[in-house]
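Have a look at the structure below, then the notes.
The values are calculated or read from the model by the stated rules, or taken from the named source; none is laboratory data. Since this is a predicted model, take the numbers as computed values, not measurements. Methodologically, a virtual Cβ is constructed for each residue, glycine included, from the backbone with ideal geometry; neighbour enumeration extends over all protein chains shown. For the accessible areas, the whole protein counts, side chains as well, though only heavy atoms, and no ligand, DNA or RNA atoms are used. Shrake-Rupley method; radii C 1.70, N 1.55, O 1.52, S 1.80 Å.
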Amino acid sequence: MHVLIPEAAPFEPAQRAWLNGFLAGLLGMEQALAKAPAVAPTPIPQAADASAHPAEFPWHDPTLSLEERLKLADSRPLPHRIMAALGQLDCGQCGYLCASYAEAIASGADPDLNKCVPGGRATAKTIKVLLAKGKSAAAERSAPALSAAASAPAKPQHAAGERGYHRELPVPATLVESRRLNEPGSEKATQHVALKFIEPLDYAPGDSLGIWPMNNPEEVELIIAILKGRGSETVQLAGGEPISVREALLWRRDLRVPTEDLFRVLSEHAKDYADRTLLAKLADDDSRAPDYGVHDVLDCLMEFRSARPPLRDFVRALGSLQPRLYSIASSAKAHPGEAHLTVGLLEYEFIEHTYRGVGSCYLGEQLQIARRAQVFVQKSHGFALPADPEASIIMIGPGTGIAPFRAFLQERALTNAKGKNWLFFGNQRFSEDFFYREELEGLVQARALTRLSTAFSRDQADKIYVQHRMLEEGAELWRWLRSGAHVYVCGDAKRMASDVDLALQQIAQQEGGFSVEQARGFLAELSKAGRYQRDVY
Ligand SMILES: Cc1cc2nc3c(=O)[nH]c(=O)nc-3n(C[C@H](O)[C@H](O)[C@H](O)COP(=O)(O)OP(=O)(O)OC[C@H]3O[C@@H](n4cnc5c(N)ncnc54)[C@H](O)[C@@H]3O)c2cc1C
Ligand SMILES: NC(=O)c1ccc[n+]([C@@H]2O[C@H](COP(=O)([O-])OP(=O)(O)OC[C@H]3O[C@@H](n4cnc5c(N)ncnc54)[C@H](OP(=O)(O)O)[C@@H]3O)[C@@H](O)[C@H]2O)c1
């Protein structure tokens, strides 16, 4: 018997034997034997995808909340706690992986605390608090290097000269198509966007495209007008050439999250005593900003009308704009020189105002056909088609989560991959929100998509989600898993990904006869074998 499942793993002998055979068959016996430890020392991690990340970083799971992650890292050294505050996606958007960005911040090598876009403002603020506490504890400075332990590069993932493959080296791409994927009447706005590369860029199914967005020009002009500027005044931002304040506000500065520096500058120039006092308080602790009607930068000017600093000081006090990532929804083989994206236009209500996503609305609305955007390919970290074209795949991608699976299906059809393909797609309503319906039905007819299971949540009184369809088809799904299928999940990290994980656990219990513990162990092993991959955000 070839031992792939550790003795310590919570399985019955018969289940262990079956799993050993199952995993060995899947990995290819030679590869499996090479990987199998002589003695089986590895404890089975409890987090469902911990095998993709070292078990010693239990917070490295994007489905956990910030509070849960911080709690798990509570007694750890500063770099670990900083890592726990990050988004845990290893998406590369910041130019690092989570472990190496945490290390760069802790060591002072990277002073920019705002680079974790998935973590948003809560992450940036938490890191600041952690750093302030860490500075007072000298022991923290002697903490072991995190990236070495995490096998992640300590430096940004940047190979000099690799134009188009790093956030700091973007290349232009032209918008050639932009069409709404929702039908009229839908509660959502999702755009299919096609960009044509000006110079050759290579990508694989599972990779993302990074976009440097532009802020809303109307918002920028309003800010310039309120501060009585012309927009043509020049300003020098850290490490850069002088540029006009208009250009800085459009392309370089973050207009969503007001920084402490901004509150400070506004406070220093506020004529009204009450404004001055309140802004000074917000500069120290902005957690109560929403109580005063402040969510974004423009709100600061609207709510504190006596605070009118010089335009240049205002611009310098803003945070830096970050790129956004979008899963590539096309195969480079099917669409040479192009990348397609499925972009959900973000719009939300907060403190009685409507706010719109910067990156999604730039791509889906502001950018006009034939105009260029600055883009780069962000290679995925372990979200890719199986190397074996005969392996079957199960794809779970509700909403915009369908994007990488359109790329997977195009690639598998074009390369004539023999493995079976099963897609679970979910959205609000069949008639308004069935993205790429004709394409998908065409693939079913052409037998390039073996099974298509859909869940439309708002077509009936009770919600039906993708995980309900998975449970309905549990026996068949288990048969696919037993014959080596790979499982992929893409889309919402906070609710969907953990519910789908639970559904897979339930299927392993019902169909495989596993206990809860064993089902978790089974998924952890599946993940370790690269057969359970998630790209959630
Ligand atoms: C690897 C990866 C792949 C991705 N793929 C896709 C994809 O294929 N398609 C896609 O559409 N997106 C995808 N995303 C998400 C995408 O990168 C952006 O995060 C998304 O478009 C929102 O960015 P934005 O600039 O439009 O919004 P922003 O302007 O950045 O606004 C988002 C911020 O608004 C705030 N916010 C949002 N809702 C609320 C609310 N209700 N109340 C208060 N504040 C709120 C939060 O602070 C949030 O961080 C992906 C992300 C990653 C990391
Ligand atoms: N990080 C960011 O800034 C950012 C930006 C954009 C999107 N996202 C995330 O990406 C997700 C994708 O957005 P989207 O608009 O394309 O689709 P979505 O909001 O995920 O909705 C797609 C479908 O999933 C359903 N759903 C809701 N909760 C679910 C659950 N727990 N399990 C399974 N399905 C569930 C929805 O149903 P109902 O709506 O009827 O409940 C809908 O039918 C968003 O939810 C959001 O969290 C993040």
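So the values come out like this:
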| item | result |
| --- | --- |
| Strands (runs of 3 or more DSSP E) contained in region 168-243 and holding at least 1 residues within 16 Å of ligand 2 (Cβ to nearest atom), open to solvent by less than 10 Å² (accessible area, probe 1.4 Å) and within 15 Å of Ala329 (Cβ to Cβ) | 190-197, 208-212 |
| Output for region 507-523, where each listed residue is among the hydrophobic types (A, V, I, L, M, F, W, C) and either at pLDDT below 95 or part of a loop (DSSP other than H, G, I, E, B) (or both) | Phe514 |
| Members of region 500-527 that are open to solvent by 60 Å² or more (accessible area, probe 1.4 Å) and under 19 Å from Ser392 (Cβ atoms) | Glu511 |
| Number of positions in region 505-537 that are within 16 Å of ligand 2 (Cβ to nearest atom) and either free of Cβ contacts under 8 Å to residues at least 12 places away in the same chain or within 23 Å of Asp90 (Cα to Cα) (or both) | 4 |
| In region 57-92, residue most open to solvent (accessible area, probe 1.4 Å) [restricted to those that are part of a loop (DSSP other than H, G, I, E, B) and within 15 Å of Val129 (Cα to Cα)] | Asp74 |
| Among (1) open to solvent by 60 Å² or more (accessible area, probe 1.4 Å); (2) modelled with pLDDT of 95 or more; (3) not in a helix (DSSP H, G or I) - the single one Tyr488 does not satisfy | (1) |
| Flag for Ala493 being within 16 Å of ligand 1 (Cβ to nearest atom) and not in a strand (DSSP E or B) | yes |
| Residue within region 457-468 that is more than 7 Å from ligand 2 (Cβ to nearest atom), of a type outside the set (S, T, N, Q) and in a helix (DSSP H, G or I) present | yes |
| Enumeration of residues in region 469-486 that are in contact (Cβ under 8 Å) with a residue 40 or more places away in the chain and within 15 Å of ligand 2 (Cβ to nearest atom) | Arg469, Met470 |
| Number of the exception - Glu441 against (1) surrounded by 16 or more Cβ atoms within 10 Å (Cβ to Cβ); (2) acidic (Asp, Glu); (3) under 24 Å from Lys333 (Cα atoms) | (1) |
| Conditions (1) surrounded by fewer than 23 Cβ atoms within 10 Å (Cβ to Cβ); (2) modelled with pLDDT of 95 or more; number of the one not met by Lys494 | (2) |
